[in-house]
Amino acid sequence: MATIIDGKKTALEIRNDLKEKIARLKIFPKLAVVLAGDDEASKIYVKNKQKAAFEVGIETILYTFDNVVTQGQLETLIDDLNNDADVNGILIHLPLPKHINAQKLLNKVCPLKDVDGFHPFNIGLLQNGDINATIAATPKGVLRLIKQTKIDLVGKNALVIGRSNIVGKPMSMLLLNENCTVTIAHSKTSDLRSLCQNADIVVSATGCPRLVKADWLKKGAVVIDVGICRDESGKLCGDVDFDKALEVASYITPVPGGVGPMTIAMLLENVVDAYLKQHQQ
Ligand code: NAP
């Protein structure tokens with residue numbers, strides 16, 4: 001049976017460490033959160049992030065806009081936040097209303113305040129393997145969980161399923177920087193099963209419920225499930241057929257309680273790092 005990687009526990013440890021660090025250094029990091037639109041789920045996500053930030057000692061300031069907000073209004077806000085020395089991090093909650101050019105807005109965020117790691121400057125640093133890159137919270141959290149298993153990553157075959165800018169692509173770059181041999185799969189990939197069978201590490205981020213079957217996995221594979229899905233009965237599940245994969249994998253993350261809690265912890269860590277970088281200069 002696989003060891004279940006407890007992301008909730010690790011995330012809590014990271015948050016406790018951050019709380020202690022903020023108190024010890026007597027710093028007051030501040031995160032600006034931009035929320036546009038009327039999506040109820042987004043409001044809950046943002047509230048949870050604000051609560052987690054408050055608990056470690058990060059102040060948040062929320063800017064909300066309704067669905068008819070203009071690109072110009074949002075860009076003006078980003079300019080103001082970039083120029084506000086008291087603001088250390090800017091988080092633009094995605095998705096934005098459809099008429100907003102999200103990438104154009106993300107590109108306006110000062111790279112030092114880009115706690116999401118979505119700015120092309122930070123993506124470029126990551127690609128260069130530069131330790132100063134701010135790395136997107138979810139893939140950063142996934143790598144932390146993989147490293148926690150203490151497996152030697154060098155030369156391992158890693159399969160990343162999904163090629164989004166926020167998970168799949170940065171994840172594959174992180175694993176490449178760790179000297180894994182990385183394959184990236186996506187919806188047009190012709191034989192996902194055989195790619196899985198060859199993978200020592202599988203990171204799946206598709207949102208397709210139980211896409212990855214247990215008999216696709218190599219015996220002893222490390223399996224990280226980023227997906228947050230609902231199955232046909234409405235039950236929360238991941239991309240991986242968890243119950244059966246438990247018998248094949250060496251390590252596996254559950255959904256919920258795996259990658260999800262790490263994403264928030266890594267965001268908070270990015271805010272503290274942003275504060276420290278801004279005050280070094
Ligand atoms: P996304 O932008 O929709 O990307 C999904 C990716 O999966 C795409 O690259 C897509 O391929 C690929 N894909 C879809 N169906 C596939 C299939 N049958 N076989 C292989 N690849 C397939 O989603 P995302 O933002 O990366 O998020 C992915 C999942 O992770 C979602 O369930 C999301 O809720 C979850 N998530 C969780 C966290 C967390 O903190 N736990 C954070 C972020 C996201 P194409 O590029 O060809 O379309």
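Based on the alpha-carbon gyration tensor of region 18-142 and its eigenvalue square roots a ≥ b ≥ c, which shape applies: rounded if a/c is under 1.5, prolate if not and a/b is larger than b/c, or oblate? Oblate. In straight-distance terms, cross-link reach from Lys235 covers every one of the lysines whose alpha-carbon lies under 18 Å from its own, apart from those fewer than eight places away in the same chain; here that gives Lys213, Lys244. Shape summary: the chain maps onto an equivalent ellipsoid whose semi-axes, from the alpha-carbon gyration tensor, are 32, 21, 18 Å in decreasing order.
Near Pro209: Cβ cut-off under 10 Å, other residues only, Lys/Arg at +1 and Asp/Glu at -1. The net charge is -1.
Straightening the chain between Asn179 and Lys244 buys 20.5 nm, computed as 0.36 nm per residue apart minus the Cα-Cα spacing. Taking every alpha-carbon pair under 8 Å whose residues sit at least 6 apart, region 225-281 reaches a relative contact order of 30 percent. A cut-off of 5 Å between modelled amide H atoms, ignoring neighbours fewer than 5 places along the same chain, links Ile61 with Leu31, Ala32, Val33.
The Cβ shell under 10 Å around Phe28 holds other residues with a net charge of 0, Lys and Arg each +1, Asp and Glu each -1. Using R0 = 41 Å, the C-beta based FRET efficiency linking Lys9 and Asp215 works out to 0.85. Potential lengthening of the chain between Ile228 and Thr189 amounts to 12.0 nm, from the contour at 0.36 nm per residue minus the alpha-carbon distance. Qualifying trypsin sites (Lys or Arg not before Pro) in region 127-188, where qualification requires a DSSP coil assignment and no more than 15 other C-beta atoms within 10 Å, comprise Lys150, Lys188. Count Lys and Arg as plus one, Asp and Glu as minus one, and take only other residues whose Cβ is under 13 Å from that of Asn132; the net charge is then -2. Extension gain for Glu59 to Leu236 (0.36 nm times residue separation, less C-alpha to C-alpha distance): 60.6 nm.
Rounded, prolate or oblate, given the Cα gyration tensor of region 10-83, with a/c below 1.5 counting as rounded? Since a/c reaches 1.5 but b/c is at least a/b, the shape of region 10-83 is classed as oblate.
Per-residue Cβ neighbour counts within 10 Å put Asp225, Asp152, Asp241 in the sequence Asp152, Asp241, Asp225, beginning with the fewest. DSSP assigns beta bridges within the chain; of those with both partners inside it, close to 5 percent run antiparallel. By the gyration tensor of its Cα atoms, with a ≥ b ≥ c the square roots of the eigenvalues, what is the shape of region 81-134: rounded for a/c under 1.5, prolate for a/b over b/c, or oblate? Since a/c reaches 1.5 but b/c is at least a/b, the shape of region 81-134 is classed as oblate. Across the chain, the mean sequence separation of Cα contacts (distance under 8 Å, 6 or more residues apart), normalised by length, yields a relative contact order of 22 percent. For Lys19, the lysines whose Cα falls under 22 Å of its own Cα, not counting residues fewer than eight places away in the same chain, are Lys8, Lys9, Lys30, Lys47, Lys49, Lys51, Lys113, Lys140, Lys277.
Taking amide H atoms as placed 1.01 Å from N in the peptide plane, the amide H of Lys218 lies under 5 Å from those of Ala199, each 5 or more residues away in sequence or on another chain.
Of all beta bridges that DSSP places with both ends in region 161-252, some 20 percent have antiparallel geometry. For Thr181, the amide hydrogen comes within under 5 Å of the amide hydrogens of Gly155, Lys156, Asn157, Ala158, counting only partners 5 or more places away or on other chains and with H modelled in the peptide plane. Quick one: check the C-alpha center-to-center distance for region 119-188 versus region 193-268, whole angstrom. Centre-to-centre (Cα) distance: 16 Å.
Where a number appears in this text, it was derived from the coordinates with a stated rule and is not lab data. None of the values given here were measured: they were computed from a predicted structure. Counting neighbours? That spans all protein chains shown, and the Cβs are built from the backbone with ideal geometry, glycine included.
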